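Since every read-out is calculated from the coordinates, none of them should be taken as a lab result. None of the values given here were measured: they were computed from a predicted structure. Heads up, the Cβs are rebuilt from the backbone with ideal geometry, glycines too, and the neighbour counts pull from every protein chain shown.
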Amino acid sequence: MIPRRLALALGLLAPLALTLPAAAEDPPVIAAAADLQFAVTEIAAAFTAETGKEVKLSFGSTGNFATQIREGAPFQMFMAADEKFIAELHAEGLTRDEGTLYAEGRIVLMAPHGSALKPDEAMDNLAALIDAGKLTRFAIANPEHAPYGLRAMEALQHRGLWEKIQPYLVLGENVAQTAQFALSGNAEGGIIALSLARAPEVAAQGEFALISHDWHEPLLQRMVLLKNAGPVAEEFYAYVQSHKAREVMVKYGFILPDGT
């Protein structure tokens with residue numbers, strides 16, 4: 001069973017939404033990719049502390065959020081894990097502009113303590129477990145709508161393991177749920193976001209190895225204001241680009257657009 005504190009940290013015992021202290025007006029709802037669970041929660045708390053204004057954060061898969069936006073979901077800002085979704089929404093006239101690149105994400109191979117899987121950058125141990133018939137379950141996010149799942153698939157393809165690992169795959173709805181699956185003790189491990197693996201609540205549950213960015217297409221993460229964005233969403237959008245917010249992103253392993 002997954003430790004309760006880890007499940008709570010990943011927002012998996014309740015809907016993936018966090019609300020900061022109540023304000024006089026309804027706070028704008030920010031749709032944020034699941035890899036941002038810890039980083040943007042911290043940024044939003046700092047934003048509220050400094051401005052007295054709140055935002056409501058909803059975390060999930062980028063592809064699912066894009067679908068919800070097309071269907072009229074009342075989000076005012078969208079922080080995607082893959083910028084192609086922003087480009088598509090902009091082409092459809094659903095955003096104010098083309099948005100801003102705010103970070104590049106990375107993926108890691110992670111295993112819980114006590115697992116037969118010992119994470120290494122080359123995935124050699126994972127390959128050995130598969131060949132020895134000792135792998136039972138391996139978690140990635142669903143590549144059909146989760147950018148981190150698609151990049152995990154690309155990395156496994158690069159290593160020549162994609163076909164071999166098919167019988168053992170467990171697909172998370174998003175990368176936060178994938179972390180739950182990977183560290184549950186019912187799987188040998190999985191491929192998750194570095195930004196989640198670096199969070200103390202997650203890092204305490206296992207060990208990880210960074211996967212080379214040459215093994216997959218880049219995770220260029222872009223954010224955008226939607227057509228109905230109000231002044232608080234505009235202010236938060238600007239705050240995410242501030243020095244303080246950028247420091248938080250770096251702490252969780254994101255690469256900033258200027259290369260830092």
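Distance in nm between label sites at H213 and V250, each 7 Å beyond Cα in the beta-carbon direction?
The answer from the label model is 1.5 nm.
Out of P28, L109, S212, whose Cα points farthest toward the positive end of the dipole of the chain (charges: +1 Lys, Arg; -1 Asp, Glu; placed on Cβ)?
L109
For a 23 Å ceiling on Cα separation, which of these pairs sit above it: K56/K244; K118/K164; K134/K164; K84/K118; K53/K84; K53/K244?
Pairs exceeding 23 Å: K84/K118; K53/K84.
Using the Cα centre as the reference, give the magnitude of the dipole from point charges on the C-beta atoms of the chain (Lys, Arg: +1; Asp, Glu: -1; all else neutral), rounded to the nearest 20 debye.
580 debye
Figure the gain on full extension for K134 and R96 (residue separation times 0.36 nm, minus the Cα-Cα span) and round it to one decimal in nm.
Here the answer is 8.6 nm.
With a cut-off of 8 Å between alpha carbons and a minimum separation of six or more residues, what is the relative contact order of the stretch 107-260 in percent?
Reported relative contact order: 30 percent.
Taking the dipole about the Cα centre of the stretch 122-164, with the C-beta of Lys and Arg at +1 and of Asp and Glu at -1, give me whichever of A146, I130, Q157 is farthest to the positive side.
Toward the positive end, the furthest listed residue is I130.
I'd like the per residue volume of the convex hull spanned by the Cα atoms of the stretch 105-215, given in cubic angstrom.
82 Å³
Do you know the relative contact order of the chain, to the nearest whole percent, from alpha carbon pairs under 8 angstrom that are 6+ apart?
In percent, rounded to a whole number, it is 29.
How are the alpha carbon pair distances in the chain distributed across 5 Å bins from zero to the largest one, expressed in percent?
In whole percents, the pair-distance histogram is 1, 6, 14, 19, 19, 16, 11, 7, 4, 2, 1, 0, 0.
Taking the Cα centre of the stretch 105-215 as origin, work out the dipole magnitude from +1 charges on Lys and Arg Cβ and -1 charges on Asp and Glu Cβ, in debye rounded to 20.
100 debye
Among Y237, L169, I86, which residue has its Cα positioned farthest towards the positive end of the charge dipole of the chain, with +1 placed on the Cβ of Lys and Arg, -1 on the Cβ of Asp and Glu, and the dipole taken about the Cα centre?
My answer, from the dipole projection, is L169.
Could you work out the helix-only [θ] at 222 nm for the chain, with each DSSP H run of four or more residues adding -39,500 (n - 2.57) and the total divided by the number of residues, to the nearest 500 deg cm²/dmol?
Using -39500 (n - 2.57) per qualifying helix, the result is -10000 deg cm²/dmol.
What FRET efficiency, computed as 1/(1 + (r/R0)^6) with R0 = 35 Å and r the Cβ-Cβ distance, is obtained for D120 and D258, rounded to the nearest 0.05?
About 0.70, to the nearest 0.05.
For the chain, what proportion of DSSP beta bridges, expressed in % and rounded to the nearest 5, is antiparallel?
Just about 60 percent of them are antiparallel.
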